[in-house]
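This report refers to the structure that appears directly beneath it.
Here, each number is a calculation from the coordinates, and none is a lab measurement. Quantities reported herein were computed from a predicted structural model and do not represent experimental measurements. All Cβ positions, even for glycine, are placed from backbone atoms using ideal geometry, and neighbour counts span all protein chains on display.
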Amino acid sequence: MTWLILRRIAQAVPVMLIVAILTFLLMKMLPGDPAILLAGEGADPDKIEALRRSLGLDRPLLVQLGYWLLNLVQFDFGISPFLNQPVSEAILERIPVTLSVAVVAFVMTLPVGIAMGVVAAYWRDSWIDTTVMSLALAGVSVPNFWLAILAVILFSVTLGWLPSAGYVPMREGFFPWLHALIMPAAVLALFQIGYLARMTRSEMLEVLDQDYVRTARAKGVTEVRTVSKHAFRNALVSVLTVSGYIFSLLVGGSVVIEQIFALPGIGRLLVQAIMARDIVVVQGSMLFLGFLFVAINVLVDILYTIADPRVNYD
């Protein structure tokens, strides 16, 4: 088991290297000269050239890539000229907000999505199945930005139950923190609830048709025990993998939600950096989200192996 975990971590290293290289190249493909953007339109050409040299933009592309990777090894993402602070520091300040939204949304997604999938699978081809799957389809179809606007109008403007924007750190109290996050997290979770419900239903239908489930029923095992112990526990192994993927999507999908609800997370930082043409921050934010996605998937692979020892990543 230890060797397998170390091998999965080692396999993630080249993936992260590819993510870093692609992020660097994508930023280089963007139109415009970063030196001109920083100096401003109409700036003196000598000043622009000096700025280009200070940023290393006058070097060959491969040399720039080499310095970029060397700085990454030292956890140096560069310094933002607009924020006037290191990019790594700006990201670290905003990680708690993004992870808070993702965790609350994940806690909402798991029980609701799994319960909907189990109920729909057990009463397959009935009106209950049709109703649950219709709700799941609506969840994956409704755009979250549109739903966020409706939620603000209903729960903030009309009813006044929840704040329309802003973030409260957990150090100021758990309930104020949760009160500020519950609406954006619910909007963010809706799509993933529908996706998880459909996935759980598919896995449960496959397991419920297995011979060992029919054998348990033939032996007189109660229906609750048959479904919960024999069927659900086996279906849960596959759902575990999907859950890790869902959490990755919740972290990456918080960009729109953070912007609508004015949450000072990495997603909003990325949007503001794009609007300001702050290439250094855009590069660092995209790279961090890419690394986080890879790390979550490696962790899921390890948990999947622990949950089902039959799995072997050869």
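Quick notes on this one:
- Of ALA262, ALA105, ALA197, the residue with the greatest mean-square motion in the GNM of the chain, using alpha carbon springs below 10 Å, is ALA262.
- Max mean-square fluctuation residue, GNM over the chain, Cα-Cα springs under 10 Å, options LEU181, LEU159, LEU92: LEU159
- In sequence order, calculated HN-Hα J values of the range 60-74 (Karplus, 6.51, -1.76, 1.60; Hz; x Gly/Pro): x, 4, 5, 5, 4, 4, x, 5, 4, 5, 5, 5, 5, 4, 8
- Residues whose amide H comes within less than 5 Å of that of SER80, counting only those at least five positions distant or on another chain, are GLN85, VAL87 (H built at 1.01 Å from N in the peptide plane).
- Each residue of the range 267-275 is assigned a 3J(HN,Hα), and the resulting list reads x, 5, 4, 5, 5, 5, 5, 5, 5 Hz, derived from the Karplus form 6.51 cos²θ - 1.76 cosθ + 1.60 (θ = phi - 60°), x at Gly and Pro.
- Ranking VAL300, GLN85, GLY267 by how far each Cα lies toward the positive end of the dipole of the chain (charges on Cβ) leaves VAL300 at the top.
- Percent of Cα pairs in the chain per distance bin of 20 Å, from zero to the largest separation: 26, 49, 22, 3, 0.
- When you filter the trypsin sites (Lys or Arg not before Pro) in the range 151-232 for DSSP loop state and at most 16 other Cβ atoms inside 10 Å of their Cβ, you are left with LYS219.
- Cα centre as origin, Lys/Arg/Asp/Glu Cβ charges: the range 95-275 dipole, Debye: 340
- Fewest-first ranking of PHE232, PHE24, using other Cβ atoms within 10 Å as the exposure measure: PHE24, PHE232
- The chain, dipole about Cα centre (Lys/Arg Cβ +1, Asp/Glu Cβ -1), debye to the nearest 20: 820
- Residue-wise HN-Hα coupling along the range 89-96, computed from phi with Karplus coefficients 6.51, -1.76, 1.60 (Hz; x: Gly, Pro): 5, 5, 5, 4, 5, 9, 4, x
- Length gained on full extension, ASP209 to TRP161: 12.7 nm, using 0.36 nm per residue less the C-alpha separation.
- Taken along the Cα-to-beta-carbon direction at a fixed 7 Å, the label points for LEU65 and VAL140 span 3.7 nm.
- Stretched out straight at 0.36 nm per residue, the stretch from ASN84 to MET29 would grow longer than its current Cα-Cα span by 17.4 nm.
- Inter-centroid distance (Cα atoms) of the range 122-181 relative to the range 70-104, Å: 28
- Structure-based [θ]222 nm, the chain - -39500 (n - 2.57) summed over DSSP H runs of at least 4, per residue, nearest 500: -24000 deg cm²/dmol
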